[in-house]
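Below is one structure, written out as C-alpha coordinates; comments come after it.
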Amino acid sequence: MKHSVVFAQGEQEAELADKWGIRVVPGGSVTTPMGFVAGGFHCGIKRKRPDLGAIRSAVPATAAGVFTQNRFQGAPLVVTRESLKAEGKLQAVVVNSGIANACTGKKGLEDAYAMRRLAAEVLDVPEPYVAVASTGWIGRPLPMDVVAAGLRRLPHHLGPHNAEAFCQAILTTDTFTKSVCVEMTIDGRRVCLAGAAKGSGMVKPNMATILGFLTTDAAVEREALQRALKRVTDETYNMITIDGDTSTNDMVLILANGLAGNNPLHEGHPEWEKFEQALLYVSRRLSQMIARDGEGATKLIQVHVHGAATKETARAVARTVIGSNLVKSAMFGEDGNWGRIIAAVGYCEAPIDPETVDIWVGDVQLVKNSLPVPYDEAALQAHLEQEAVHITIGLNQGHAEATAYGCDLTYEYIRINASYGRV
(Lines give C-alpha, C1' and ligand atoms only; values in the text may rest on other atoms or scores of the structure.)
Protein backbone atom coordinates (compact mmCIF):
# COMPACT_ATOMS: atom_id res chain seq x y z
CA MET A 1 0.00 0.00 0.00
CA LYS A 2 2.38 2.70 -1.20
CA HIS A 3 -0.24 5.40 -0.80
CA SER A 4 -0.33 5.15 2.99
CA VAL A 5 3.02 6.41 4.18
CA VAL A 6 3.86 9.69 5.81
CA PHE A 7 6.06 10.05 8.87
CA ALA A 8 3.88 11.17 11.80
CA GLN A 9 1.55 12.90 9.35
CA GLY A 10 -1.13 13.60 11.92
CA GLU A 11 1.40 15.16 14.27
CA GLN A 12 2.82 17.31 11.48
CA GLU A 13 -0.61 18.57 10.48
CA ALA A 14 -1.60 19.29 14.10
CA GLU A 15 1.56 21.34 14.67
CA LEU A 16 1.03 23.12 11.36
CA ALA A 17 -2.47 24.15 12.39
CA ASP A 18 -1.73 24.98 16.03
CA LYS A 19 1.49 26.91 15.51
CA TRP A 20 0.97 28.53 12.13
CA GLY A 21 -2.74 28.41 11.37
CA ILE A 22 -2.05 26.39 8.22
CA ARG A 23 -4.60 23.69 7.37
CA VAL A 24 -4.31 20.80 4.97
CA VAL A 25 -7.09 20.83 2.37
CA PRO A 26 -8.50 17.30 1.97
CA GLY A 27 -8.64 16.49 -1.73
CA GLY A 28 -6.94 19.78 -2.57
CA SER A 29 -4.84 20.09 -5.70
CA VAL A 30 -2.93 22.52 -7.91
CA THR A 31 -6.28 23.92 -9.05
CA THR A 32 -7.49 24.73 -5.53
CA PRO A 33 -5.71 28.13 -5.48
CA MET A 34 -7.87 30.71 -7.26
CA GLY A 35 -7.41 31.14 -10.98
CA PHE A 36 -5.72 27.84 -11.85
CA VAL A 37 -6.95 25.10 -14.18
CA ALA A 38 -5.15 21.90 -15.17
CA GLY A 39 -5.61 18.71 -17.11
CA GLY A 40 -3.99 15.88 -18.99
CA PHE A 41 -4.69 13.07 -21.44
CA HIS A 42 -3.11 10.51 -23.77
CA CYS A 43 -1.84 12.12 -26.96
CA GLY A 44 0.23 9.23 -28.31
CA ILE A 45 3.79 9.59 -26.99
CA LYS A 46 3.24 6.54 -24.78
CA ARG A 47 1.34 3.46 -25.86
CA LYS A 48 -1.71 3.93 -23.68
CA ARG A 49 -1.17 6.01 -20.58
CA PRO A 50 -1.69 9.80 -20.22
CA ASP A 51 1.36 11.68 -21.51
CA LEU A 52 0.50 15.36 -22.04
CA GLY A 53 -0.69 17.84 -19.43
CA ALA A 54 -0.75 21.51 -18.52
CA ILE A 55 -1.45 24.00 -15.76
CA ARG A 56 -2.76 27.46 -16.66
CA SER A 57 -3.28 30.56 -14.54
CA ALA A 58 -6.00 33.04 -15.38
CA VAL A 59 -3.42 35.84 -15.10
CA PRO A 60 0.37 36.00 -15.40
CA ALA A 61 1.96 34.73 -12.20
CA THR A 62 5.16 35.64 -10.43
CA ALA A 63 7.36 32.57 -10.88
CA ALA A 64 10.52 30.94 -9.56
CA GLY A 65 12.34 27.72 -10.34
CA VAL A 66 15.18 25.40 -9.37
CA PHE A 67 16.82 23.02 -11.82
CA THR A 68 19.09 20.01 -12.04
CA GLN A 69 22.82 20.58 -12.15
CA ASN A 70 23.47 17.54 -14.30
CA ARG A 71 25.81 18.84 -17.02
CA PHE A 72 23.53 17.34 -19.66
CA GLN A 73 20.48 19.60 -19.54
CA GLY A 74 17.31 18.58 -21.31
CA ALA A 75 16.14 21.02 -23.98
CA PRO A 76 12.99 21.96 -21.99
CA LEU A 77 15.17 23.30 -19.18
CA VAL A 78 16.92 25.68 -21.57
CA VAL A 79 13.58 27.00 -22.79
CA THR A 80 12.02 27.28 -19.33
CA ARG A 81 15.04 29.07 -17.89
CA GLU A 82 14.74 31.54 -20.75
CA SER A 83 11.05 32.07 -20.02
CA LEU A 84 11.77 32.74 -16.34
CA LYS A 85 14.54 35.21 -17.13
CA ALA A 86 12.38 37.26 -19.50
CA GLU A 87 10.08 38.90 -16.94
CA GLY A 88 10.01 36.49 -14.01
CA LYS A 89 6.45 35.53 -14.85
CA LEU A 90 4.70 32.40 -16.08
CA GLN A 91 1.08 31.80 -16.98
CA ALA A 92 1.20 28.19 -18.19
CA VAL A 93 3.25 25.04 -17.81
CA VAL A 94 3.06 22.29 -20.44
CA VAL A 95 4.49 18.85 -19.66
CA ASN A 96 4.95 15.65 -21.60
CA SER A 97 6.00 12.27 -20.26
CA GLY A 98 7.46 9.28 -22.07
CA ILE A 99 10.32 11.12 -23.81
CA ALA A 100 12.67 13.50 -21.97
CA ASN A 101 13.88 15.47 -25.02
CA ALA A 102 17.41 15.34 -23.58
CA CYS A 103 20.62 14.69 -25.54
CA THR A 104 18.68 15.42 -28.72
CA GLY A 105 20.85 18.24 -30.07
CA LYS A 106 19.67 21.20 -32.09
CA LYS A 107 16.50 19.40 -33.19
CA GLY A 108 15.53 18.78 -29.57
CA LEU A 109 15.91 22.46 -28.72
CA GLU A 110 13.83 23.41 -31.76
CA ASP A 111 11.15 20.97 -30.60
CA ALA A 112 11.09 22.45 -27.10
CA TYR A 113 10.66 25.95 -28.55
CA ALA A 114 7.92 24.61 -30.82
CA MET A 115 6.13 23.15 -27.80
CA ARG A 116 6.31 26.54 -26.08
CA ARG A 117 5.07 28.37 -29.17
CA LEU A 118 2.17 25.99 -29.82
CA ALA A 119 1.16 25.91 -26.16
CA ALA A 120 1.12 29.71 -26.03
CA GLU A 121 -1.08 29.80 -29.12
CA VAL A 122 -3.65 27.25 -27.98
CA LEU A 123 -3.75 28.47 -24.36
CA ASP A 124 -3.89 32.14 -25.41
CA VAL A 125 -0.94 33.33 -23.31
CA PRO A 126 2.24 35.21 -24.31
CA GLU A 127 4.93 32.81 -25.47
CA PRO A 128 7.54 33.94 -22.90
CA TYR A 129 5.01 33.10 -20.16
CA VAL A 130 5.02 29.38 -21.00
CA ALA A 131 7.27 26.83 -19.25
CA VAL A 132 8.04 23.50 -20.90
CA ALA A 133 8.92 20.26 -19.10
CA SER A 134 9.55 16.74 -20.38
CA THR A 135 10.35 13.44 -18.67
CA GLY A 136 11.06 9.93 -19.86
CA TRP A 137 13.42 8.26 -22.30
CA ILE A 138 16.73 10.11 -22.91
CA GLY A 139 18.10 10.46 -26.44
CA ARG A 140 14.91 9.92 -28.36
CA PRO A 141 13.33 12.73 -30.41
CA LEU A 142 9.81 13.85 -29.62
CA PRO A 143 7.21 12.79 -32.20
CA MET A 144 6.31 16.39 -32.89
CA ASP A 145 3.38 15.60 -35.16
CA VAL A 146 1.79 13.72 -32.27
CA VAL A 147 2.75 16.40 -29.74
CA ALA A 148 1.43 19.23 -31.94
CA ALA A 149 -1.88 17.45 -32.47
CA GLY A 150 -2.11 16.85 -28.73
CA LEU A 151 -1.39 20.48 -27.91
CA ARG A 152 -4.25 21.60 -30.16
CA ARG A 153 -6.60 19.38 -28.13
CA LEU A 154 -5.19 20.53 -24.80
CA PRO A 155 -7.60 23.41 -24.00
CA HIS A 156 -10.55 20.99 -24.05
CA HIS A 157 -8.97 18.99 -21.22
CA LEU A 158 -8.24 21.85 -18.82
CA GLY A 159 -10.54 22.67 -15.94
CA PRO A 160 -10.73 23.36 -12.21
CA HIS A 161 -11.51 19.70 -11.44
CA ASN A 162 -8.99 18.01 -13.75
CA ALA A 163 -5.88 18.18 -11.58
CA GLU A 164 -5.72 14.41 -11.13
CA ALA A 165 -5.55 13.99 -14.91
CA PHE A 166 -2.58 16.37 -14.94
CA CYS A 167 -0.90 14.36 -12.19
CA GLN A 168 -1.41 11.16 -14.22
CA ALA A 169 0.00 12.72 -17.37
CA ILE A 170 3.38 13.57 -15.81
CA LEU A 171 4.16 10.08 -14.44
CA THR A 172 6.80 7.71 -15.78
CA THR A 173 7.62 4.69 -13.58
CA ASP A 174 5.70 6.19 -10.64
CA THR A 175 3.03 3.95 -9.13
CA PHE A 176 0.82 6.73 -7.76
CA THR A 177 0.20 10.44 -8.19
CA LYS A 178 1.60 12.94 -5.69
CA SER A 179 -0.40 16.00 -4.66
CA VAL A 180 -0.93 18.12 -1.54
CA CYS A 181 -2.64 21.43 -0.75
CA VAL A 182 -2.82 23.74 2.25
CA GLU A 183 -4.73 26.91 3.11
CA MET A 184 -4.04 29.80 5.49
CA THR A 185 -5.08 33.36 6.18
CA ILE A 186 -2.74 36.20 5.18
CA ASP A 187 -3.74 39.86 5.50
CA GLY A 188 -7.24 38.60 6.30
CA ARG A 189 -7.46 36.79 2.95
CA ARG A 190 -7.73 33.03 2.35
CA VAL A 191 -4.57 31.89 0.62
CA CYS A 192 -3.98 28.43 -0.84
CA LEU A 193 -0.71 26.76 -1.80
CA ALA A 194 -0.59 23.39 -3.58
CA GLY A 195 1.86 21.12 -5.33
CA ALA A 196 2.00 18.16 -7.70
CA ALA A 197 5.10 16.11 -8.47
CA LYS A 198 6.46 13.06 -10.18
CA GLY A 199 9.52 11.09 -9.20
CA SER A 200 10.34 7.42 -8.79
CA GLY A 201 13.76 6.72 -10.30
CA MET A 202 16.89 8.69 -11.22
CA VAL A 203 16.42 10.64 -8.00
CA LYS A 204 19.43 12.16 -6.32
CA PRO A 205 19.33 15.87 -5.53
CA ASN A 206 21.48 18.54 -7.05
CA MET A 207 19.33 21.70 -6.93
CA ALA A 208 16.19 19.68 -7.63
CA THR A 209 15.29 16.05 -7.98
CA ILE A 210 12.05 15.66 -9.86
CA LEU A 211 9.37 17.42 -11.80
CA GLY A 212 7.46 19.50 -9.27
CA PHE A 213 4.84 22.18 -9.89
CA LEU A 214 3.57 24.45 -7.13
CA THR A 215 0.68 26.89 -7.41
CA THR A 216 -0.52 29.60 -5.05
CA ASP A 217 -2.96 32.49 -5.24
CA ALA A 218 -0.78 34.53 -2.88
CA ALA A 219 0.86 37.71 -4.08
CA VAL A 220 4.63 37.28 -3.58
CA GLU A 221 7.58 39.43 -4.62
CA ARG A 222 9.67 37.53 -7.15
CA GLU A 223 13.09 37.73 -5.49
CA ALA A 224 11.62 36.64 -2.16
CA LEU A 225 9.81 33.76 -3.89
CA GLN A 226 13.03 32.55 -5.53
CA ARG A 227 14.95 32.72 -2.26
CA ALA A 228 12.19 30.85 -0.42
CA LEU A 229 12.04 28.12 -3.05
CA LYS A 230 15.80 27.66 -2.88
CA ARG A 231 15.79 27.46 0.94
CA VAL A 232 12.92 24.98 0.94
CA THR A 233 14.55 22.92 -1.81
CA ASP A 234 17.66 22.54 0.32
CA GLU A 235 15.50 21.20 3.17
CA THR A 236 13.24 18.91 1.15
CA TYR A 237 13.80 18.01 -2.51
CA ASN A 238 17.56 18.13 -2.00
CA MET A 239 17.29 15.73 0.94
CA ILE A 240 15.85 12.72 -0.86
CA THR A 241 17.60 10.05 -2.83
CA ILE A 242 16.36 6.83 -4.39
CA ASP A 243 19.19 5.48 -6.50
CA GLY A 244 22.07 7.97 -6.58
CA ASP A 245 21.30 9.16 -10.12
CA THR A 246 20.60 12.79 -10.99
CA SER A 247 18.30 13.23 -13.98
CA THR A 248 18.89 15.55 -16.93
CA ASN A 249 15.42 17.12 -16.74
CA ASP A 250 14.71 17.86 -13.07
CA MET A 251 12.93 21.09 -12.20
CA VAL A 252 10.63 22.52 -9.56
CA LEU A 253 8.52 25.57 -10.47
CA ILE A 254 6.21 27.74 -8.39
CA LEU A 255 3.59 30.13 -9.79
CA ALA A 256 2.07 32.82 -7.54
CA ASN A 257 -0.77 34.65 -9.33
CA GLY A 258 -1.79 37.05 -6.53
CA LEU A 259 -5.55 36.51 -6.92
CA ALA A 260 -6.00 36.05 -3.16
CA GLY A 261 -5.58 39.82 -2.88
CA ASN A 262 -3.08 39.93 -0.01
CA ASN A 263 -0.35 42.55 0.22
CA PRO A 264 2.69 41.23 -1.68
CA LEU A 265 4.70 38.89 0.53
CA HIS A 266 8.42 39.34 1.19
CA GLU A 267 10.79 38.58 4.06
CA GLY A 268 9.72 41.77 5.86
CA HIS A 269 5.99 40.99 5.72
CA PRO A 270 4.61 40.10 9.20
CA GLU A 271 3.14 36.82 7.89
CA TRP A 272 6.03 35.84 5.64
CA GLU A 273 7.15 33.01 7.91
CA LYS A 274 3.68 31.48 7.75
CA PHE A 275 3.86 31.39 3.95
CA GLU A 276 7.33 29.85 3.97
CA GLN A 277 6.22 27.21 6.48
CA ALA A 278 3.36 26.31 4.12
CA LEU A 279 5.80 26.01 1.24
CA LEU A 280 8.08 23.88 3.41
CA TYR A 281 5.25 21.55 4.42
CA VAL A 282 3.95 21.03 0.88
CA SER A 283 7.47 20.37 -0.42
CA ARG A 284 8.30 17.99 2.44
CA ARG A 285 5.13 15.98 1.87
CA LEU A 286 5.85 15.72 -1.85
CA SER A 287 9.42 14.67 -1.08
CA GLN A 288 8.22 11.93 1.28
CA MET A 289 5.83 10.63 -1.36
CA ILE A 290 8.59 10.58 -3.98
CA ALA A 291 10.91 8.69 -1.64
CA ARG A 292 8.21 6.14 -0.82
CA ASP A 293 7.47 5.64 -4.51
CA GLY A 294 11.06 4.74 -5.35
CA GLU A 295 11.18 2.14 -8.09
CA GLY A 296 10.41 -1.23 -6.52
CA ALA A 297 10.44 0.21 -3.00
CA THR A 298 8.64 -1.46 -0.09
CA LYS A 299 9.71 0.96 2.65
CA LEU A 300 10.13 4.68 3.20
CA ILE A 301 13.28 5.44 5.20
CA GLN A 302 13.95 8.58 7.19
CA VAL A 303 17.44 9.45 8.42
CA HIS A 304 17.53 12.24 10.98
CA VAL A 305 20.91 13.63 12.03
CA HIS A 306 21.25 15.88 15.07
CA GLY A 307 24.13 17.23 17.10
CA ALA A 308 26.15 18.23 14.03
CA ALA A 309 28.66 21.08 14.09
CA THR A 310 27.06 22.69 11.02
CA LYS A 311 23.93 22.35 8.92
CA GLU A 312 26.09 21.28 5.98
CA THR A 313 27.57 18.41 8.01
CA ALA A 314 24.13 17.26 9.16
CA ARG A 315 22.84 17.25 5.58
CA ALA A 316 25.91 15.46 4.24
CA VAL A 317 25.72 12.68 6.83
CA ALA A 318 21.98 12.19 6.37
CA ARG A 319 22.30 12.04 2.57
CA THR A 320 25.25 9.64 2.73
CA VAL A 321 23.42 7.18 4.96
CA ILE A 322 20.16 7.36 3.01
CA GLY A 323 22.10 6.78 -0.22
CA SER A 324 24.07 3.74 0.98
CA ASN A 325 23.12 0.66 -1.04
CA LEU A 326 24.09 -1.52 1.91
CA VAL A 327 21.84 0.39 4.29
CA LYS A 328 19.02 0.32 1.72
CA SER A 329 19.47 -3.42 1.22
CA ALA A 330 19.48 -4.04 4.98
CA MET A 331 16.20 -2.15 5.32
CA PHE A 332 14.66 -4.30 2.58
CA GLY A 333 15.81 -7.41 4.42
CA GLU A 334 14.60 -5.99 7.75
CA ASP A 335 18.10 -6.52 9.08
CA GLY A 336 19.25 -4.35 12.00
CA ASN A 337 22.90 -4.37 10.92
CA TRP A 338 23.92 -1.01 12.38
CA GLY A 339 27.49 -1.55 11.17
CA ARG A 340 26.35 -0.49 7.69
CA ILE A 341 24.92 2.72 9.12
CA ILE A 342 28.02 3.70 11.07
CA ALA A 343 30.25 2.79 8.12
CA ALA A 344 28.29 5.20 5.92
CA VAL A 345 28.66 7.93 8.55
CA GLY A 346 32.38 7.25 8.56
CA TYR A 347 32.93 7.59 4.83
CA CYS A 348 30.89 10.77 4.55
CA GLU A 349 33.11 13.62 3.36
CA ALA A 350 31.92 15.93 6.14
CA PRO A 351 34.09 16.12 9.27
CA ILE A 352 32.76 14.01 12.17
CA ASP A 353 34.25 12.72 15.42
CA PRO A 354 34.44 8.90 15.16
CA GLU A 355 34.31 8.59 18.96
CA THR A 356 30.96 10.30 19.63
CA VAL A 357 28.36 8.78 17.29
CA ASP A 358 25.01 7.52 18.64
CA ILE A 359 22.55 5.49 16.51
CA TRP A 360 18.88 4.61 16.97
CA VAL A 361 16.56 2.61 14.75
CA GLY A 362 13.06 3.60 15.76
CA ASP A 363 13.19 4.13 19.52
CA VAL A 364 15.86 1.46 19.98
CA GLN A 365 19.38 2.73 20.66
CA LEU A 366 22.01 0.47 19.12
CA VAL A 367 25.18 2.57 19.46
CA LYS A 368 26.40 5.08 22.03
CA ASN A 369 29.67 6.98 21.62
CA SER A 370 30.45 4.76 18.60
CA LEU A 371 30.22 1.54 20.63
CA PRO A 372 27.44 -1.08 20.69
CA VAL A 373 24.99 -1.15 23.59
CA PRO A 374 22.54 -3.88 24.68
CA TYR A 375 19.14 -3.49 23.02
CA ASP A 376 15.71 -5.09 22.73
CA GLU A 377 15.92 -7.25 19.61
CA ALA A 378 12.16 -7.80 19.45
CA ALA A 379 11.48 -4.06 19.55
CA LEU A 380 14.06 -3.47 16.82
CA GLN A 381 12.58 -6.18 14.61
CA ALA A 382 9.07 -4.83 15.11
CA HIS A 383 10.17 -1.41 13.87
CA LEU A 384 12.06 -2.80 10.88
CA GLU A 385 8.92 -4.65 9.79
CA GLN A 386 6.99 -1.39 9.51
CA GLU A 387 6.47 0.39 6.22
CA ALA A 388 8.24 3.52 7.50
CA VAL A 389 11.66 3.10 9.13
CA HIS A 390 13.33 5.83 11.22
CA ILE A 391 17.10 6.01 11.63
CA THR A 392 18.43 8.63 14.03
CA ILE A 393 22.11 9.58 14.26
CA GLY A 394 23.54 11.77 16.98
CA LEU A 395 26.97 13.27 16.26
CA ASN A 396 27.36 15.10 19.59
CA GLN A 397 29.42 17.87 18.05
CA GLY A 398 27.00 20.79 17.96
CA HIS A 399 23.34 21.75 17.54
CA ALA A 400 22.65 21.50 13.79
CA GLU A 401 20.26 18.91 12.39
CA ALA A 402 18.84 17.68 9.09
CA THR A 403 16.56 14.96 7.77
CA ALA A 404 16.85 12.94 4.56
CA TYR A 405 14.33 10.61 2.93
CA GLY A 406 14.84 7.52 0.81
CA CYS A 407 13.67 3.97 0.24
CA ASP A 408 14.90 0.41 0.36
CA LEU A 409 16.70 -1.34 -2.51
CA THR A 410 14.77 -4.33 -3.81
CA TYR A 411 14.85 -7.00 -6.50
CA GLU A 412 12.05 -5.09 -8.24
CA TYR A 413 14.28 -2.03 -8.72
CA ILE A 414 16.66 -4.16 -10.79
CA ARG A 415 13.80 -5.64 -12.83
CA ILE A 416 12.33 -2.21 -13.64
CA ASN A 417 15.62 -0.65 -14.71
CA ALA A 418 16.92 -3.69 -16.55
CA SER A 419 13.98 -3.39 -18.95
CA TYR A 420 13.20 0.36 -18.85
CA GLY A 421 13.68 0.77 -22.59
CA ARG A 422 10.99 -1.83 -23.23
CA VAL A 423 8.44 -0.31 -20.84
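The values are calculated or read from the model by the stated rules, or taken from the named source; none is laboratory data. A quick note: this is a predicted structure, and the numbers were derived from the prediction, not measured. Here Cβ is always computed from backbone atoms with ideal geometry, including for glycine, and neighbour counts include all displayed protein chains. Side chains are part of the model used for accessible areas, which takes the heavy atoms of the whole protein and leaves out ligands, DNA and RNA. Shrake-Rupley method; radii C 1.70, N 1.55, O 1.52, S 1.80 Å.
Details
- Between helix 338-347 and the chain: long-axis angle, C-alpha atoms, 0 to 90°, nearest 10: 70 degrees
- Under DSSP loop assignment and at most 12 Cβ neighbours within 10 Å, longest trypsin sites (Lys or Arg not before Pro)-free interval of the chain: 72-423
- Of K46/K178; K107/K230; K198/K311; K106/K198; K85/K230, pairs whose Cα-Cα distance is over 22 Å: K107/K230; K198/K311; K106/K198
- Relative contact order, whole percent, for the chain stands at 17, derived from Cα pairs under 8 Å and 6 or more residues apart.
- The range 31-98 and the range 107-185: distance between their alpha carbon centers, rounded to Å: 6 Å
- Between the amide H of V367 and those of I359, V373, distances stay under 5 Å, these residues lying 5 or more places away or on another chain, with hydrogens modeled in the peptide plane.
- Length gained when the stretch V373-D335 is fully extended (0.36 nm per residue, less Cα-Cα span): 12.0 nm
- Accessible area of the chain belonging to carbon and sulfur atoms, whole % at 1.4 Å probe: 51 percent
- Taking amide H positions as modeled 1.01 Å from N, with prolines and chain starts lacking one, the residues under 5 Å from A61 and 5 or more places away or on another chain are L90, Q91.
- Rounded to the nearest 10 degrees, the angle from helix 311-323 to the longest Cα principal axis of the chain is 90 degrees.
- All aspartates and glutamates inside 17 Å of K328 as judged from Cα atoms, apart from same-chain residues fewer than 8 positions distant: D243, D245, D293, E295, E385, E387, D408, E412
- Helix axis angle, 144-153 relative to the chain longest principal axis, alpha carbon, degrees: 80 degrees
- Gap separating the Cα centres of the range 386-411 and the range 294-341, nearest whole Å: 5 Å
- Exposure check, 1.4 Å probe, all protein chains in place: W137 carries approximately 80 Å² of accessible surface.
- Cβ-Cβ FRET estimate between K85 and A382, R0 fixed at 51 Å, reported to 0.05: 0.45
- Cα-based reach from K274 at 20 Å (exclusive), listing aspartates and glutamates while leaving out same-chain residues under 8 positions away: E11, E13, E15, D18, E183, D187, D217, E221, E223, D234, E235
- Surface accessible to a 1.4 Å probe, per residue, for the residues of the chain, Å²: 39 Å²
- With contributions of -39500 (n - 2.57) from each DSSP H run of at least four residues, the per-residue ellipticity at 222 nm computed over the chain stands at -10000 deg cm²/dmol.
- E235 accessible area, assembled protein chains, probe 1.4 Å, Å²: 60 Å²
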